[in-house]
Amino acid sequence: MKKITILLADDHTIVREGFRKMLEFEDDLEVIGEAKDGRQAVAMAKELLPAVILMDIAMPLLNGLEATRQVLRAVPTAKVLMLSAHNDDAYVKNAVESGAMGFLLKQTSAHDVCRAIREIQKGNKFFTPSISKRLDRLHAQPTDRTGAVPKKAGELTSREMEVLQLIAEGKANKETASELGIGLKTVEKHREHLMQKLDIHDTAGLTRYAIGAGIIESSVQLTIV
């Protein structure tokens, strides 16, 4: 029997360990790698070529939404199953728009997680019934958590999305430049483009946007400068 190879991407070690132990009981499923943030998930997906990636949304440095976009560009055969502790409309909608084939809450039963993996590996989408109903409504009228129609994060480039997340996490321009391996002036230019595209002109506004779009969790401790 050919096993379905799986990459786990979650910034919490205990969560990854829990999923690994759960999946080890399944004869047709095999965990071949673990990533602790979105950037590592992209690199490991390119190297290991997993059939399915269990991708957490809220991860440091690069969130699961942008990591999914980058993975699918590099490894189009991979299927992404998005996982989250939250089922806010923004998280669900953005997960689908990023290319995820399914969306599950982390408290989902082991049976449903394994079922979802098998289904998306076949090319079928998998959502819990409650989320499927909400998706129909969201497609008709996309909203953020405040009920307002948000500007589309999809209009941003991958690099701009990375810069936006680091800004929202409280990183200064120098820290962002160091983290991404680019020049300070390049970061400043990306920041300028972000503000122009989103029509937001301060850090606090960019942070609120990132939270509303599900790019970072509202529970993240932020330093707004």
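Just so it is clear, none of the values below were taken in a lab; they were calculated from the coordinates. Bear in mind the structure is a predicted one, so any value in this text is a computation, not a measurement. As a convention, Cβ positions derive from the backbone with ideal geometry for all residues, glycine included, and neighbour counts pool all protein chains shown.
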Item checked: Note, ³J(HN,Hα) from phi for segment 161-175, Karplus 6.51, -1.76, 1.60, rounded to Hz, x at Gly and Pro -> 5, 5, 5, 4, 4, 5, 4, 5, 7, x, 6, 6, 4, 5, 5
Checklist line | Formal net charge of residues neighbouring residue 177 (Cβ-Cβ distance under 10 Å; K, R +1; D, E -1) | finding: 0
Next item on the list: Starting at the first residue of segment 184-190, write each ³J(HN,Hα) from the Karplus equation 6.51 cos²θ - 1.76 cosθ + 1.60 with θ = phi - 60°, in whole Hz, x for Gly and Pro.
Entry: 4, 5, 5, 4, 4, 5, 4
Next item on the list: Evaluate E = 1/(1 + (r/R0)^6) for residue 192 and residue 48, where r is the Cβ-Cβ distance and R0 equals 45 Å; express this FRET efficiency to the nearest 0.05.
Entry: 0.75
Notebook entry, point to check: Between residue 73 and residue 22, how many nm apart are label points set 7 Å from Cα along the C-beta direction?
Noted result: 3.1 nm
Item checked: As computed over the chain, the Cα convex hull volume per residue (Å³) -> 117 Å³
Notebook entry, point to check: In degrees between 0 and 90, to the nearest 10, how far off the longest principal axis of the chain does helix 13-23 point, with axes built from Cα atoms?
Noted result: 30 degrees
Notebook entry, point to check: What value, in deg cm²/dmol to 500, does the helix sum -39500 (n - 2.57) over DSSP H runs of n ≥ 4 give at 222 nm once divided by the residues of the chain?
Noted result: -15000 deg cm²/dmol
Notebook entry, point to check: Can you give the charge dipole size of the chain about its Cα centre, rounded to the nearest 20 debye, using +1 on the beta carbon of Lys and Arg and -1 on the beta carbon of Asp and Glu?
Noted result: 480 debye
Check: Measuring from centroid to centroid over Cα atoms, what is the spacing of segment 88-123 and segment 19-87 in Å?
Finding: 12 Å
Checklist line | Computed label-point distance, nm, for sites residue 124 and residue 1 using a 7 Å Cα→Cβ extension | finding: 1.7 nm
Next item on the list: Can you bin segment 1-40 into rounded, prolate or oblate? Criterion: square roots of the alpha carbon gyration tensor eigenvalues sorted a ≥ b ≥ c, rounded for a/c under 1.5, prolate for a/b above b/c, oblate for the rest.
Entry: oblate
Margin query: Please list 3J(HN,Hα) in residue order for segment 97-114, calculated via the Karplus relation 6.51 cos²θ - 1.76 cosθ + 1.60 where θ = phi - 60°; whole Hz, with x for glycine and proline.
Written below: 5, 6, x, 5, 8, x, 9, 10, 7, 5, 8, 4, 5, 4, 4, 6, 5, 5
